[in-house]
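This report refers to the structure that appears directly beneath it.
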Amino acid sequence: MNKNEIIAAVADKSDLSKADAGKAVEALLGVITDALKDGGDVRFVGFGTFSVSHRAATTGRDPRTGNTVQIAARNNARFKAGKALKDAVNS
């Protein structure tokens with residue numbers, strides 16, 4: 001399912017126009033993104049948690065040349081599914 005299909009599904013389930021549903025989906029994604037940028041997490045009870053994990057800098061190897069390269073530290077967005085979502089997917 002892509003973003004346009006999600007917007008259409010939200011519009012159908014909520015009796016909103018596609019334009020209003022698009023604004024709602026964009027707003028939700030923006031709020032989640034802003035919370036993660038600020039180092040926080042977003043929890044939807046039963047659905048799951050969006051959070052940020054930190055990866056430390058490491059040393060890697062270039063497979064072409066065999067030289068070692070520094071891999072910079074970075075933050076990654078994570079999602080951990082909640083119990084209700086896991087149960088729904090596995091039933």
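None of the figures in this text is laboratory data; all of them are computed from the coordinates on show. Just so it is clear, the model here is predicted, and its values are computed rather than measured. Note that we place each Cβ from the backbone using ideal geometry, even for glycine, and neighbour counts take in every protein chain shown.
Looking at segment 45-91 only, could you name the residues that are part of a strand (DSSP E or B) and touching a Phe, Trp or Tyr at 6+ places or on another chain (Cβ under 9 Å)? Gly48, Thr49, Phe50, Ser51, Ala77, Arg78, Phe79, Lys80, Ala81 - these are the residues of segment 45-91 that are part of a strand (DSSP E or B) and touching a Phe, Trp or Tyr at 6+ places or on another chain (Cβ under 9 Å). If you go through segment 75-91 and keep only what is free of Cβ contacts under 8 Å to residues at least 12 places away in the same chain and of a type outside the set (Val, Ile, Thr), you end up with Lys86, Asp87, Ala88, Asn90, Ser91. Across segment 1-55, the qualifying residues are those that are among the hydroxyl-bearing types (Ser, Thr, Tyr) and under 13 Å from the mean Cα position of the chain (by Cα), and the one among them that is surrounded by the most Cβ atoms within 10 Å (Cβ to Cβ) is Ser51.
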